[in-house]
Amino acid sequence: MTATTRADLIDALRIKLAQLDHMGEHLDYTSRKVSVRFPMLSLAGLNPDELEVLAAFKGRYAEFQDHLAAAMRLVARIEEVNVNAFTYVINYMEKIGVISSAEAWNDARAVRNDAAHAYSDDAAEQAGFFNQVYAKTPFLFETLAALRDFCRRTYPEGN
Amino acid sequence: MRLSETEADFIRQSVVEIFGGGSRVRLFGSRVDDAARGGDVDLYVEPEVRDDLYRRRIVCLARLTARLPYPVDLVVAHEDAPRPIDRIAVATGVIL
């Protein structure tokens, strides 16, 4: 990799981390707003405004995780890790301590990919979906903090 | 059935670990058809353990998705009134 390409990727990573900070603020805001409802047993009885907040929570979780994955892929590219399959990126993130385990990431990802369950006709499944979104949100914040720490140490500003 | 024996073993083992030893898993949908091509791996699980069911489903889905080279969907059997998907899976599925 040329020095220019590496510098461009690091710039792109800094922009991505700044975006993640904003998204994280929004996700944290919504997570706190809905926290009194968890753990949920059912969505039955919620009014349209309350359901809208839950929809925002689901969307912000998904968006945050997507961009977190993009930031992780950028780090892997800078470090010249094979990024053809995201599994390689996940394994590298585990190796450098950004994620606690590949399994934890895959679980959080499976929730994100299962968003259709928010519209299940089974009240317990709907509640189960949102309980998992709520339960996995701290993991995403921990992952961003660890990724930021790795980037601060590895790509110091001004270099 | 278009799954290798190794893949079927992995699915069976994962389901038993996550949903309990008395659980049963069926493959249904296009992968039952030897003449078809591609397609998701559609699984239907009749769990022994039903507490915290959605979390178990997510853990199982994550494990299978990480290992199998195909998209995976996993339907958990309803305890009470069967839905159309329950009837289809039981009628057309192959127990792994």
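Bear in mind these aren't lab numbers, they're just calculated from the coordinates by the rules spelled out. No experiment lies behind these values; they were computed from the predicted model shown. Because the Cβ atoms are built from the backbone with ideal geometry, glycine has one as well, and the counts that use them run over all protein chains shown.
If each residue of separation counts as 0.36 nm, what is the full-extension length gain between A:Y29 and A:E52 once their alpha-carbon separation is subtracted?
On the way: separation 23, 0.36 × 23 = 8.28 nm, distance 1.42 nm.
Gain in length upon complete extension: 6.9 nm.
The H on the amide N of B:L96, modeled in the peptide plane, is under 5 Å from the matching H of B:V25, B:R26, B:L27, each at least 5 residues off or on a different chain. Within straight cross-link reach of A:K16, meaning Cα distance under 19 Å, which aspartates and glutamates are found once same-chain residues fewer than 8 apart are removed? Correct list for A:K16: A:D8, A:E25, A:D28, A:E63, A:D66, A:E79, A:E80, A:E142, A:D149, A:E157.
Once the Cα atoms are used to define both axes, helix A:123-154 deviates from the longest principal axis of chain A by about 20 degrees. Applying the criteria of a DSSP loop state and at most 12 other Cβ atoms within 10 Å to the GluC sites (Glu not before Pro) of the range B:3-83 yields B:E79. Using alpha carbon centroids, what distance separates the range A:106-159 and the range B:25-42, in Å? Cα centres, the range A:106-159 to the range B:25-42: 30 Å.
Sort the range A:101-159 into rounded, prolate or oblate with this rule: let a ≥ b ≥ c be the square roots of the eigenvalues of the Cα gyration tensor; rounded if a/c is under 1.5, and if a/c is not under 1.5, prolate when a/b is larger than b/c, oblate otherwise. Intermediate values should be presented prior to the final figure.
Working: a/c = 3.76, a/b = 3.60, b/c = 1.04.
Judged from the Cα gyration tensor, the range A:101-159 comes out prolate (a/c at least 1.5, a/b above b/c).
What is the distance in Å between the Cα centroid of the range B:74-96 and that of the range A:12-58? If we compute the Cα centre of each part, the gap is 33 Å.
With a ≥ b ≥ c the root eigenvalues of the C-alpha gyration tensor of the protein assembly as shown, is it rounded (a/c under 1.5), prolate (a/b larger than b/c) or oblate? Since a/c reaches 1.5 but b/c is at least a/b, the shape of the protein assembly as shown is classed as oblate. Principal-axis analysis of the Cα atoms of chain A puts helix A:86-95 at an angle of about 80° to the longest axis. What shape does chain B have by the C-alpha gyration tensor, where a ≥ b ≥ c are the square roots of the eigenvalues, rounded means a/c under 1.5, and otherwise prolate means a/b greater than b/c and oblate the rest? Verdict is oblate for chain B.
Between A:E63 and A:A146, 0.36 nm times their residue separation minus their Cα-Cα distance comes to what? Can you show the working numbers first?
On the way: separation 83, 0.36 × 83 = 29.88 nm, distance 1.86 nm.
Once the chain is fully extended between A:E63 and A:A146, it gains 28.0 nm.
Tell me the mean residue ellipticity at 222 nm calculated for chain B from its helices only (DSSP H runs of n ≥ 4, each -39500 (n - 2.57), averaged over every residue, nearest 500). Mind dumping the intermediate values first?
Details: 3 runs with 39 residues, N = 96.
Calculated at 222 nm, the ellipticity per residue is -13000 deg cm²/dmol.
Among A:T5, A:M93, A:L27, flag the residue with its Cα farthest along the positive direction of the charge dipole of chain A, charges on Cβ as +1 for Lys/Arg and -1 for Asp/Glu. Farthest along the dipole direction, towards plus: A:T5.
The loop-placed GluC sites (Glu not before Pro) in the range A:1-100, going by DSSP, that have at most 16 neighbouring Cβ atoms within 10 Å of their Cβ come out as A:E79, A:E80.
Can you sort A:I10, B:I58, B:I85 from fewest to most other Cβ atoms within 10 Å of each residue's own Cβ? It would help to have the intermediate numbers written out before the result.
On the way: A:I10 18, B:I58 26, B:I85 14.
Ordered from fewest to most neighbouring Cβ atoms within 10 Å, A:I10, B:I58, B:I85 come out as B:I85, A:I10, B:I58.
Computed from point charges on the beta carbon alone (+1 for Lys and Arg, -1 for Asp and Glu), the dipole magnitude for chain A about its Cα centre is near 440 Debye. Each of A:S42, A:A124, A:W105 was placed along the dipole of the protein assembly as shown (beta-carbon charges, centred on the mean Cα), and the one lying farthest toward the positive end is A:W105. Close amide H partners of B:L74, meaning residues 5 or more places away or on another chain with modelled amide H under 5 Å apart, are B:L43.
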